[in-house]
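For reference, the structure discussed in these notes is given below.
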Amino acid sequence: MIDKRNIYKILEWFAEAGISDITSDTRALTRPKTARYGCTYTTLSEIQSLPELREAISKVDISLKNCALNMVFGVGNEKADLLLLGEAPGAEEDKQGIPFVGQSGQLLDKILTAVGLDRSMVYITNILPWRPPGNRTPTSHEIELFRPYVLKHIALVNPRVVMCLGGTAAKALLCTSQGIMQLRGKWTTIDGIGAKILSTFHPAYLLRSPSQKREVWVDFLTAMDMMSGQNSSRSHFSLETG
Ligand code: URA
């Protein structure tokens, strides 16, 4: 159910995105979970809960954390069917210790509102739990180091769909060198994670290129169709990964 107070924000979003017809089904997010995907990832298998994972990550020996104010773990519904995976905290996230609370996060909130979701219905985390100095792109060492923790994070939440926000998150999770322009809107899976994975543009990119909002809106609706078992026809491609 969309809060009436958000209607203006939603209409503004649609107008900016050039969208004139709306057909989305949010029932998937409220119905009880039945056929959840299993998870076979076994590394870090001694960790059974998100608090244990948070503690394990806090102990990772990496200089990255010496430059940061706070560790940024994850936020939202720990039983969500939709997990959003970003790149790394920015300055505001570093200050607050919460993912996506800066400018990109505000845009992400608008996107969620536009498709009938809010933060209490999704789970949000990042590839890196600490802000890289000066917001630089995560290094391949950092990505390799944290990827097993990201996989464990996904396994513990056990969503039906993971949406990678932006090329860095997509490349890191999918272990591919393909860019976001190739990956966007294509379903894939990876070994050990039952969730279907869909990549879309990062909100920070949308702040620079607002004309791409429509694609992101379509991607979110596609994800919601998948969660409701409708196997969307909005996305026409699927990505084969090895
Ligand atoms: N960008 C990200 O990728 N993640 C955040 O948490 C904030 C900005």
Report summary line: For F100, the lone unmet condition from (1) near the ligand (Cβ under 10 Å from one of its atoms); (2) outside any helix (DSSP H, G or I); (3) on the phi < 0 side of the Ramachandran plot is (3)
Requested in this report: Could you check D81 against (1) within 10 Å of the ligand (Cβ to nearest atom); (2) among the charged types (D, E, K, R); (3) crowded, with 20+ Cβ neighbours inside 10 Å and say which number it fails?
Outcome: (1)
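Please find, within the stretch 118-148, the residue that is farthest from the ligand (Cβ to nearest atom) out of those that are of a type in the set (S, T, Y) and buried (at least 21 other Cβ atoms within 10 Å of the Cβ).
If we take residues in the stretch 118-148 being of a type in the set (S, T, Y) and buried (at least 21 other Cβ atoms within 10 Å of the Cβ), then Y123 is farthest from the ligand (Cβ to nearest atom).
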Report summary line: Counting only residues that are touching a Gly at 6+ places or on another chain (Cβ under 9 Å), within 16 Å of the ligand (Cβ to nearest atom) and in a helix (DSSP H, G or I), the stretch 166-187 contains a total of 7
**Report entry** Checklist (1) closer than 16 Å to K65 by Cβ; (2) surrounded by 22 or more Cβ atoms within 10 Å (Cβ to Cβ) applied to V161, failing item
**Finding:** (1)
Query raised in the report: Which one is nearest to R214 (Cα to Cα), of the residues in the stretch 94-112 that are surrounded by fewer than 18 Cβ atoms within 10 Å (Cβ to Cβ) and of a type in the set (S, T, N, Q)?
Result: Q106
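Bear in mind these aren't lab numbers, they're just calculated from the coordinates by the rules spelled out. Since the structure is predicted, the reported quantities are computational estimates derived from the model, not experimental observations. Reconstructed Cβ throughout: ideal geometry from the backbone, glycine too, with neighbour counts over all protein chains shown.
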